[in-house]
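Structure first, then comments.
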Amino acid sequence: MTLSENSFKKLQKIVGKPHCSRSKADRVCYAYDATAQVFLPDAVVFPKDRHEIAAILFLANKENFFVTPRGSGSGMTGGALAVNGGVILVTTRLNRILEINRNRFISHVEPGVVTGRFHQEVEKRGLFYPPDPASSEFSTLGGNLAECAGGPRAVKYGVTRDYVLGLEAVLPTGEMIKTGVQTTKGVVGYDLTRLLVGSEGTLGVITRMTLRLLPLPETIRTMTAVFDQMEVAAETVSEIIRRGIIPRTMEYMDNASLRCVEDYLGIGLPREAEKSEAKRS
Ligand SMILES: Cc1cc2nc3c(=O)[nH]c(=O)nc-3n(C[C@H](O)[C@H](O)[C@H](O)COP(=O)(O)OP(=O)(O)OC[C@H]3O[C@@H](n4cnc5c(N)ncnc54)[C@H](O)[C@@H]3O)c2cc1C
């Protein structure tokens, strides 16, 4: 359903004219995500808080236009694309870290906070938020939650879902809900938090979240091992874990990736790894 002139004017009223656009330039900029597919929205809105988000969704429900939430547009599932037109609702103005509580190991944040910034802020206080998608420097916590993002540290620490204690969200009707708890133990009732995490914006717009933190690990050591055969490398990974050692991350690079990194960084990686054995056999 295309956004009508009348609905657009009402959206402008909700968020203010500077935060609502249907210029071609803005619509093109918000037509993409990391899938490189293109779906032009009818308009882009930048609400500042949950009340504006609630008003937008209430209007959309009443006047029948689509709304697609979006953080930084780095998702790889197409979830932030206006596949059916309508409005892209960008959360980047909701970018406050409301509280980092060292005593309770929790934090209250808004969805537009960039994940890398959040990592820095909690680590300054001796705390640790493990989920680390490789897009952390630009993706938002809201997008990470909606995608249930993982990252290299998931080997040891799990994924985003494991660090979300509670949420506030606005449903497609415009109603606001609160889910979950603010404590490590939360066992009562339906687990709506887990339903919303990973729902890719289809169930509502997350407007606030309570995240679980850990103490910052005291030291991190990194080691590299070079293998002539991919199979032996894979067996070694299984053997390390079988022996009860869970590394913080484990990354495997085949010869092609290794050469790309070496061409780019020139840090002395062995260009012949894996390949030398292939030649011999
Ligand atoms: C270079 C690169 C590296 C990556 N590395 C990893 C990785 O290592 N591990 C991994 O798991 N993933 C990885 N990803 C994908 C990762 O899941 C996304 O980058 C990230 O989670 C999306 O965040 P975003 O702010 O860009 O969200 P967007 O792309 O804007 O949105 C993603 C989804 O979330 C929804 N959404 C956004 N905000 C809200 C909200 N407030 N409420 C409800 N729904 C919302 C959108 O509708 C959409 O469905 C990578 C992506 C890139 C481009």
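Based on Cβ point charges of +1 for Lys and Arg and -1 for Asp and Glu, what charge dipole magnitude is obtained for the stretch 139-281 about its Cα centre, in debye rounded to the nearest 20? Before the final figure, lay out each step's value.
Values: 17 positive and 18 negative charges, 99 e Å.
Magnitude of the dipole: close to 480 debye.
Legend: calculated FRET efficiency, Lys124 to Arg248, from the Cβ-Cβ distance at R0 = 25 Å, rounded to 0.05, equals 0.80. Would you mind checking Lys24/Lys124; Lys13/Lys178; Lys24/Lys62; Lys48/Lys156; Lys13/Lys124; Lys48/Lys185 for any pair whose Cα atoms are more than 30 angstrom apart? Among Lys24/Lys124; Lys13/Lys178; Lys24/Lys62; Lys48/Lys156; Lys13/Lys124; Lys48/Lys185, the Cα-Cα distance tops 30 Å for Lys24/Lys124; Lys48/Lys156; Lys13/Lys124; Lys48/Lys185.
At 0.36 nm per residue, and after removing the present C-alpha to C-alpha distance, how many nm does the segment from Glu63 to Val28 gain when stretched out fully? Kindly include the intermediate steps, with their values, before the conclusion.
Working: separation 35, 0.36 × 35 = 12.60 nm, distance 2.39 nm.
Difference between extended and current length: 10.2 nm.
For the peptides 251-262, 40-51, the ranking by packing is 40-51, 251-262, with the highest mean count of neighbouring Cβ atoms within 10 Å listed first.
For the chain, what ratio Rg/Rh do Cα atoms give with a Kirkwood hydrodynamic radius? Present the calculation step by step, with values, prior to reporting the outcome.
Numbers: Rg = 22.1 Å, Rh = 20.9 Å.
Across the chain, the Cα-based Rg/Rh ratio is 1.05.
Label zone of Lys13 (point 7 Å out along Cα→Cβ, amide N under 16 Å): in the stretch 44-86 this covers 52-64. Charge dipole (Cα centre; +1 on Lys/Arg Cβ, -1 on Asp/Glu Cβ; no other charges) of the chain amounts to roughly 960 debye. Rank Met176, Phe128, Gly85 by how far each Cα sits towards the positive end of the charge dipole of the chain (+1 on Lys, Arg Cβ; -1 on Asp, Glu Cβ) and give me just the farthest. Value: Met176. Peptides 3-14, 191-202 ranked from most to least packed, by the mean per-residue count of other Cβ atoms within 10 Å: 191-202, 3-14.
Protection proxy ranking of 222-228, 83-89, 106-112, by the mean of other Cβ atoms within 10 Å over each peptide's residues and highest first, is 106-112, 83-89, 222-228. With the helix formula -39500 (n - 2.57) applied to DSSP H stretches of n ≥ 4, the chain reaches a computed 222 nm mean residue ellipticity of -8500 deg cm²/dmol. Seen against the Cα atoms of the chain and their longest principal axis, helix 230-242 is set at about 80 degrees. With 0.36 nm allotted per residue and the present C-alpha distance subtracted, the Ile177-Leu265 stretch has 26.9 nm of extension available.
Charge tally around Ile97: other residues with Cβ under 10 Å, Lys/Arg +1 each, Asp/Glu -1 each, net -1.
For Val197, what charge total do you get from the other residues with a beta carbon under 15 Å from its beta carbon, if Lys and Arg give +1 and Asp and Glu give -1? Provide the component values of the computation, followed by the final result.
Values: positive: Arg161, Lys178, Arg194, Arg208, Arg212; negative: Glu147, Asp162, Glu168, Asp191, Glu200.
That sum, taken over residues with Cβ under 15 Å, equals 0.
Taking Cα pairs under 8 Å and at least six residues apart, what relative contact order does the chain come out at, in percent?
Details: 533 pairs, mean separation 43.8, N = 281.
It rounds to 16 percent for the chain.
When the alpha carbon gyration tensor of the stretch 97-215 is reduced to an equivalent ellipsoid, its three semi-axes come out at 21, 16, 14 angstrom, largest first.
Suppose R0 equals 22 Å. What FRET efficiency, 1/(1 + (r/R0)^6) with r the Cβ-Cβ distance, do Asn6 and Lys48 give to the nearest 0.05?
Working: r = 23 Å, r/R0 = 1.04.
After rounding to 0.05, the efficiency reads 0.45.
Between the Cα long axis of helix 50-63 and the first principal axis of the chain there is an angle of about 60°, rounded to the nearest 10.
Against the chain, whose longest principal axis is taken from its Cα atoms, helix 5-15 shows a tilt of about 70°.
I want the local charge near Leu81. Using Cβ-Cβ distances under 9 Å, sum +1 for each Lys or Arg and -1 for each Asp or Glu among the other residues. Don't skip to the end; give the middle numbers.
Numbers: positive: Arg70; negative: Asp33.
Local net charge: 0.
Rounded if a/c is under 1.5, else prolate if a/b is larger than b/c, else oblate: which is the stretch 185-241, with a ≥ b ≥ c the root eigenvalues of its Cα gyration tensor?
Values: a/c = 2.93, a/b = 2.09, b/c = 1.40.
Here the stretch 185-241 falls in the prolate category.
How much length is gained if the chain between Tyr190 and Arg117 is pulled fully straight, taking 0.36 nm per residue apart and subtracting their Cα-Cα distance, in nm to one decimal?
On the way: separation 73, 0.36 × 73 = 26.28 nm, distance 3.18 nm.
The Tyr190-Arg117 span can extend by a further 23.1 nm.
Quick check on the chain: of the DSSP beta bridges with both residues there, what percent are antiparallel, nearest 5%?
Roughly 75 percent of the DSSP beta bridges within the chain come out antiparallel.
No lab work stands behind these numbers, since they all come straight from the coordinates. Computed from a predicted structure; not experimentally measured. So basically every Cβ, Gly included, is an ideal-geometry build from the backbone, and we count neighbours across all protein chains shown.
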